[in-house]
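As C-alpha coordinates, the structure follows; a few thoughts come after it.
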Amino acid sequence: MTTPHKNSQLCPNCRGLISRNETVCPYCGLKNPGSWWKNSGLLRLFQDSDLFLKGLIGVNIAFFVLSLIMNPGGLGMGMSPFGFLSPNNRSLLLLGATGTMPIESLHRWWTLVSASYLHGGLLHLVFNMIALRQIGPLIIQEYGLARMFSIYTLGGIGGFLLSYLAGVPFTIGASAAVCALIGAALYYGKSRGGTYGQQVYQQVGGWALSIFVFGLLVPGINNWAHGGGMATGILCGLLLGYQENRREMLNHRLLGAACALGTILILFWAVLTAVIYRFS
Ligand SMILES: [Zn+2]
(Lines give C-alpha, C1' and ligand atoms only; values in the text may rest on other atoms or scores of the structure.)
Protein backbone atom coordinates (compact mmCIF):
# COMPACT_ATOMS: atom_id res chain seq x y z
CA MET A 1 0.00 0.00 0.00
CA THR A 2 1.34 3.41 -0.90
CA THR A 3 0.27 6.70 0.59
CA PRO A 4 0.61 9.67 -1.76
CA HIS A 5 3.24 12.06 -0.47
CA LYS A 6 1.76 15.30 0.87
CA ASN A 7 3.67 17.15 -1.82
CA SER A 8 1.94 15.20 -4.55
CA GLN A 9 -1.53 15.49 -6.06
CA LEU A 10 -3.64 14.09 -8.87
CA CYS A 11 -3.52 16.14 -12.08
CA PRO A 12 -6.98 17.72 -12.41
CA ASN A 13 -6.93 16.95 -16.14
CA CYS A 14 -5.55 13.42 -16.59
CA ARG A 15 -5.56 12.29 -12.92
CA GLY A 16 -1.91 11.25 -13.10
CA LEU A 17 0.06 11.42 -9.83
CA ILE A 18 2.23 14.55 -9.99
CA SER A 19 4.20 16.84 -7.67
CA ARG A 20 2.44 19.91 -6.28
CA ASN A 21 5.32 22.07 -7.49
CA GLU A 22 4.91 21.00 -11.12
CA THR A 23 4.22 23.95 -13.45
CA VAL A 24 3.25 21.65 -16.33
CA CYS A 25 1.79 18.15 -15.97
CA PRO A 26 4.42 15.72 -17.35
CA TYR A 27 1.71 13.34 -18.58
CA CYS A 28 -0.83 15.59 -20.34
CA GLY A 29 0.86 18.99 -20.61
CA LEU A 30 -1.74 20.89 -18.52
CA LYS A 31 -0.30 24.22 -17.37
CA ASN A 32 -0.40 25.07 -13.62
CA PRO A 33 -2.07 21.80 -12.56
CA GLY A 34 -1.99 23.02 -8.93
CA SER A 35 -4.01 26.23 -9.45
CA TRP A 36 -6.97 26.48 -7.06
CA TRP A 37 -9.77 26.75 -9.62
CA LYS A 38 -8.60 23.67 -11.47
CA ASN A 39 -8.99 21.81 -8.15
CA SER A 40 -12.06 23.63 -6.81
CA GLY A 41 -14.88 22.02 -4.87
CA LEU A 42 -17.42 22.41 -7.68
CA LEU A 43 -15.43 19.92 -9.79
CA ARG A 44 -15.71 17.39 -6.93
CA LEU A 45 -19.49 17.39 -7.50
CA PHE A 46 -18.88 14.80 -10.21
CA GLN A 47 -17.16 12.18 -8.04
CA ASP A 48 -20.21 10.20 -6.91
CA SER A 49 -22.55 9.44 -9.83
CA ASP A 50 -25.13 7.57 -7.79
CA LEU A 51 -25.46 10.35 -5.24
CA PHE A 52 -25.56 13.00 -7.99
CA LEU A 53 -28.41 11.26 -9.86
CA LYS A 54 -30.36 10.87 -6.60
CA GLY A 55 -29.74 14.55 -5.88
CA LEU A 56 -31.00 15.54 -9.34
CA ILE A 57 -34.21 13.54 -8.82
CA GLY A 58 -34.45 15.00 -5.31
CA VAL A 59 -34.33 18.57 -6.66
CA ASN A 60 -37.17 17.73 -9.09
CA ILE A 61 -39.27 16.30 -6.23
CA ALA A 62 -38.49 19.31 -4.01
CA PHE A 63 -39.60 21.73 -6.75
CA PHE A 64 -42.79 19.73 -7.27
CA VAL A 65 -43.61 19.86 -3.55
CA LEU A 66 -42.78 23.57 -3.48
CA SER A 67 -45.07 24.26 -6.47
CA LEU A 68 -47.91 22.50 -4.59
CA ILE A 69 -47.23 24.43 -1.38
CA MET A 70 -47.35 27.68 -3.37
CA ASN A 71 -51.04 27.04 -4.15
CA PRO A 72 -52.67 25.16 -1.27
CA GLY A 73 -56.03 25.43 -3.04
CA GLY A 74 -54.72 23.41 -5.98
CA LEU A 75 -54.48 19.98 -4.33
CA GLY A 76 -57.54 18.80 -6.20
CA MET A 77 -58.24 15.20 -7.15
CA GLY A 78 -58.97 16.16 -10.78
CA MET A 79 -60.94 13.84 -13.01
CA SER A 80 -57.97 12.99 -15.23
CA PRO A 81 -55.00 11.08 -13.77
CA PHE A 82 -52.79 13.92 -15.05
CA GLY A 83 -54.73 16.35 -12.87
CA PHE A 84 -53.93 14.55 -9.61
CA LEU A 85 -51.76 16.72 -7.35
CA SER A 86 -51.40 19.48 -9.91
CA PRO A 87 -49.92 22.86 -9.07
CA ASN A 88 -51.73 25.71 -10.81
CA ASN A 89 -50.22 27.71 -13.68
CA ARG A 90 -49.67 30.78 -11.51
CA SER A 91 -47.49 28.87 -9.08
CA LEU A 92 -45.59 27.26 -11.98
CA LEU A 93 -45.12 30.67 -13.62
CA LEU A 94 -43.71 32.12 -10.40
CA LEU A 95 -41.26 29.22 -10.00
CA GLY A 96 -39.90 29.54 -13.54
CA ALA A 97 -42.09 27.94 -16.22
CA THR A 98 -40.94 28.94 -19.72
CA GLY A 99 -42.47 29.73 -23.14
CA THR A 100 -43.27 32.85 -25.14
CA MET A 101 -45.42 34.24 -22.29
CA PRO A 102 -42.80 34.28 -19.48
CA ILE A 103 -39.98 35.16 -21.89
CA GLU A 104 -41.64 37.94 -23.89
CA SER A 105 -43.91 39.53 -21.28
CA LEU A 106 -41.64 39.07 -18.27
CA HIS A 107 -38.21 38.85 -19.97
CA ARG A 108 -37.44 35.70 -18.01
CA TRP A 109 -34.81 34.08 -20.26
CA TRP A 110 -33.46 32.12 -17.32
CA THR A 111 -36.68 30.06 -17.33
CA LEU A 112 -35.12 28.05 -20.22
CA VAL A 113 -33.16 26.39 -17.38
CA SER A 114 -35.65 26.41 -14.49
CA ALA A 115 -38.58 24.95 -16.49
CA SER A 116 -36.81 21.58 -16.62
CA TYR A 117 -37.28 21.27 -12.84
CA LEU A 118 -41.05 21.88 -12.82
CA HIS A 119 -43.89 19.40 -13.42
CA GLY A 120 -47.61 19.79 -14.02
CA GLY A 121 -48.74 16.78 -12.00
CA LEU A 122 -47.64 13.72 -10.07
CA LEU A 123 -47.76 11.42 -13.13
CA HIS A 124 -45.77 13.91 -15.23
CA LEU A 125 -43.08 13.96 -12.52
CA VAL A 126 -43.05 10.18 -12.03
CA PHE A 127 -42.83 9.44 -15.80
CA ASN A 128 -39.91 11.81 -16.27
CA MET A 129 -38.04 10.61 -13.18
CA ILE A 130 -38.43 6.94 -14.17
CA ALA A 131 -37.08 7.82 -17.63
CA LEU A 132 -34.15 9.71 -16.05
CA ARG A 133 -33.44 6.74 -13.76
CA GLN A 134 -33.43 4.47 -16.84
CA ILE A 135 -31.26 6.45 -19.26
CA GLY A 136 -29.10 8.40 -16.76
CA PRO A 137 -26.80 5.54 -15.67
CA LEU A 138 -26.11 4.56 -19.32
CA ILE A 139 -25.06 8.12 -20.21
CA ILE A 140 -22.96 8.41 -17.03
CA GLN A 141 -21.22 5.15 -17.92
CA GLU A 142 -20.46 6.11 -21.54
CA TYR A 143 -19.88 9.88 -21.18
CA GLY A 144 -18.95 10.34 -17.51
CA LEU A 145 -21.03 12.33 -15.02
CA ALA A 146 -19.75 15.83 -15.97
CA ARG A 147 -20.71 15.41 -19.63
CA MET A 148 -24.00 13.73 -18.67
CA PHE A 149 -25.04 16.79 -16.65
CA SER A 150 -23.87 19.16 -19.42
CA ILE A 151 -25.97 17.24 -21.97
CA TYR A 152 -28.93 17.26 -19.55
CA THR A 153 -28.70 21.01 -18.91
CA LEU A 154 -27.95 22.11 -22.49
CA GLY A 155 -30.62 19.73 -23.81
CA GLY A 156 -33.26 21.33 -21.59
CA ILE A 157 -32.21 24.78 -22.83
CA GLY A 158 -32.09 23.64 -26.50
CA GLY A 159 -35.48 21.94 -26.29
CA PHE A 160 -37.20 24.90 -24.64
CA LEU A 161 -35.48 27.37 -26.99
CA LEU A 162 -36.89 25.52 -30.02
CA SER A 163 -40.31 25.35 -28.38
CA TYR A 164 -40.10 29.11 -27.68
CA LEU A 165 -39.18 29.81 -31.32
CA ALA A 166 -42.11 27.63 -32.40
CA GLY A 167 -44.39 29.87 -30.33
CA VAL A 168 -45.35 27.53 -27.45
CA PRO A 169 -46.75 29.96 -24.84
CA PHE A 170 -46.27 28.08 -21.55
CA THR A 171 -44.32 24.88 -20.86
CA ILE A 172 -42.50 22.86 -18.17
CA GLY A 173 -40.96 19.45 -17.52
CA ALA A 174 -37.74 17.44 -17.45
CA SER A 175 -38.54 15.61 -20.68
CA ALA A 176 -36.55 17.96 -22.97
CA ALA A 177 -33.47 17.26 -20.82
CA VAL A 178 -34.25 13.52 -20.68
CA CYS A 179 -34.70 13.51 -24.48
CA ALA A 180 -31.20 15.04 -24.76
CA LEU A 181 -29.82 12.01 -22.88
CA ILE A 182 -31.70 9.80 -25.35
CA GLY A 183 -30.17 11.78 -28.24
CA ALA A 184 -26.68 11.36 -26.75
CA ALA A 185 -27.28 7.60 -26.40
CA LEU A 186 -28.38 7.40 -30.05
CA TYR A 187 -25.24 9.26 -31.14
CA TYR A 188 -23.06 7.01 -28.98
CA GLY A 189 -24.63 3.81 -30.31
CA LYS A 190 -24.35 4.92 -33.95
CA SER A 191 -20.83 6.33 -33.61
CA ARG A 192 -19.38 3.42 -31.62
CA GLY A 193 -21.04 0.71 -33.68
CA GLY A 194 -20.23 -2.96 -33.12
CA THR A 195 -22.62 -5.33 -31.40
CA TYR A 196 -22.87 -3.23 -28.25
CA GLY A 197 -23.29 0.09 -30.09
CA GLN A 198 -25.99 -1.38 -32.31
CA GLN A 199 -27.76 -2.82 -29.28
CA VAL A 200 -27.79 0.60 -27.56
CA TYR A 201 -28.90 2.32 -30.77
CA GLN A 202 -31.80 -0.07 -31.31
CA GLN A 203 -33.04 -0.10 -27.73
CA VAL A 204 -32.84 3.66 -27.23
CA GLY A 205 -34.17 4.24 -30.77
CA GLY A 206 -37.26 2.30 -29.71
CA TRP A 207 -37.71 4.62 -26.74
CA ALA A 208 -37.29 7.70 -28.97
CA LEU A 209 -39.91 6.36 -31.38
CA SER A 210 -42.42 5.67 -28.60
CA ILE A 211 -41.89 9.19 -27.17
CA PHE A 212 -42.85 10.69 -30.54
CA VAL A 213 -45.80 8.34 -31.07
CA PHE A 214 -46.98 9.14 -27.52
CA GLY A 215 -46.46 12.85 -28.23
CA LEU A 216 -48.59 12.72 -31.38
CA LEU A 217 -51.41 10.78 -29.72
CA VAL A 218 -51.65 12.59 -26.39
CA PRO A 219 -52.68 16.25 -26.59
CA GLY A 220 -50.72 18.87 -24.64
CA ILE A 221 -47.30 17.23 -25.13
CA ASN A 222 -44.58 19.69 -26.19
CA ASN A 223 -43.09 17.84 -29.17
CA TRP A 224 -40.91 20.84 -30.07
CA ALA A 225 -39.17 20.58 -26.68
CA HIS A 226 -38.74 16.80 -27.08
CA GLY A 227 -37.32 17.15 -30.61
CA GLY A 228 -35.10 20.11 -29.70
CA GLY A 229 -33.79 18.27 -26.65
CA MET A 230 -33.00 15.16 -28.66
CA ALA A 231 -31.23 17.17 -31.39
CA THR A 232 -29.18 19.02 -28.73
CA GLY A 233 -28.22 15.68 -27.17
CA ILE A 234 -26.99 14.32 -30.52
CA LEU A 235 -25.01 17.53 -31.13
CA CYS A 236 -23.48 17.37 -27.62
CA GLY A 237 -22.43 13.76 -28.23
CA LEU A 238 -20.69 14.84 -31.43
CA LEU A 239 -18.99 17.92 -29.93
CA LEU A 240 -18.07 16.60 -26.47
CA GLY A 241 -17.22 13.01 -27.40
CA TYR A 242 -17.70 9.96 -25.18
CA GLN A 243 -15.30 8.07 -22.88
CA GLU A 244 -14.17 5.61 -25.57
CA ASN A 245 -13.13 8.26 -28.10
CA ARG A 246 -12.37 11.16 -25.70
CA ARG A 247 -11.66 10.32 -22.06
CA GLU A 248 -13.07 12.80 -19.52
CA MET A 249 -10.74 15.78 -19.21
CA LEU A 250 -10.65 19.04 -17.25
CA ASN A 251 -12.59 20.99 -19.91
CA HIS A 252 -15.47 18.47 -19.67
CA ARG A 253 -15.53 18.89 -15.89
CA LEU A 254 -15.37 22.69 -16.20
CA LEU A 255 -18.37 22.70 -18.58
CA GLY A 256 -20.26 20.42 -16.18
CA ALA A 257 -19.34 22.66 -13.24
CA ALA A 258 -20.52 25.76 -15.17
CA CYS A 259 -23.85 24.00 -15.90
CA ALA A 260 -24.19 23.02 -12.22
CA LEU A 261 -23.33 26.51 -10.93
CA GLY A 262 -25.67 28.18 -13.45
CA THR A 263 -28.50 25.79 -12.56
CA ILE A 264 -28.01 26.29 -8.80
CA LEU A 265 -28.04 30.11 -9.16
CA ILE A 266 -31.11 30.11 -11.44
CA LEU A 267 -33.09 27.71 -9.23
CA PHE A 268 -32.15 29.78 -6.18
CA TRP A 269 -33.29 32.94 -7.99
CA ALA A 270 -36.56 31.24 -9.05
CA VAL A 271 -37.41 30.22 -5.48
CA LEU A 272 -36.38 33.59 -4.03
CA THR A 273 -38.47 35.67 -6.47
CA ALA A 274 -41.44 33.28 -6.17
CA VAL A 275 -41.44 33.38 -2.36
CA ILE A 276 -41.01 37.16 -2.26
CA TYR A 277 -43.85 37.66 -4.77
CA ARG A 278 -46.18 35.09 -3.19
CA PHE A 279 -45.81 36.15 0.45
CA SER A 280 -45.36 39.90 0.20
ZN1 LIG B 1 -2.14 15.71 -16.48
- Task: Using a 1.4 Å probe over the heavy atoms of the protein chains, calculate the carbon and sulfur portion of the accessible area of the chain as a whole percent.
- Result: 67 percent
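Two decimals is fine: what's Rg over Rh for the stretch 219-267, C-alpha atoms, Kirkwood radius as Rh? Show your work: numbers first, answer last.
Numbers: Rg = 14.1 Å, Rh = 12.9 Å.
That ratio is 1.10, to two decimals.
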- Task: Would you mind counting up the charge near TYR242? Only other residues with Cβ under 11 Å from its Cβ, with Lys and Arg at +1 and Asp and Glu at -1.
- Result: +1
- For the stretch 123-168 and the stretch 34-66, write down the distance between their C-alpha centroids in whole Å. 15 Å
- Query: What is the stretch 111-166 by shape, rounded, prolate or oblate, if you read a ≥ b ≥ c off the alpha carbon gyration tensor as root eigenvalues and call it rounded for a/c under 1.5, prolate for a/b larger than b/c, and oblate otherwise?
  - Reply: oblate
- Task: Determine which lysines satisfy two conditions relative to LYS38: a Cα distance under 24 Å, and not lying fewer than 8 residues away in the same chain.
- Result: LYS6
- Message: P(r) for the chain, please, calculated from all Cα pair distances in 5 Å bins and given in %.
- Response: 1, 6, 12, 15, 16, 15, 12, 9, 6, 4, 3, 1, 0, 0
- Highest GNM mean-square fluctuation, the chain, Cα pairs closer than 10 Å: which of PHE46, PHE170, PHE127? PHE127
- Can you tell me the accessible area per residue over the chain, all protein chains present, probe 1.4 angstrom, in square angstrom? 50 Å²
- Item | Volume in Å³ per residue [convex hull over Cα atoms, computed for the stretch 113-205] | 94 Å³
- Charge dipole of the chain built from unit charges on the beta carbon (Lys, Arg +1; Asp, Glu -1), centred at mean Cα; most positive-end Cα among GLY229, MET70, TYR196 is TYR196
- Item | Gyration tensor verdict on the stretch 157-280 (Cα atoms; rounded if a/c is under 1.5, prolate if a/b is larger than b/c, oblate otherwise) | oblate
- To the nearest 20 debye, what is the magnitude of the charge dipole of the chain about its Cα centre, counting +1 on the Cβ of each Lys and Arg and -1 on the Cβ of each Asp and Glu? 540 debye
- Item | Gaussian network model of the chain, Cα within-10 Å springs - most flexible of GLY136, GLY156, GLY215 | GLY215
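The values are calculated or read from the model by the stated rules, or taken from the named source; none is laboratory data. What you see is a predicted model; the values in this text were computed from it and never measured. Using ideal geometry, Cβ is built from the backbone for each residue, glycine included, and neighbour counts are taken over all protein chains shown. Only protein heavy atoms, including side chains, enter the accessible area calculation; ligands, DNA and RNA are left aside. Shrake-Rupley method; radii C 1.70, N 1.55, O 1.52, S 1.80 Å.
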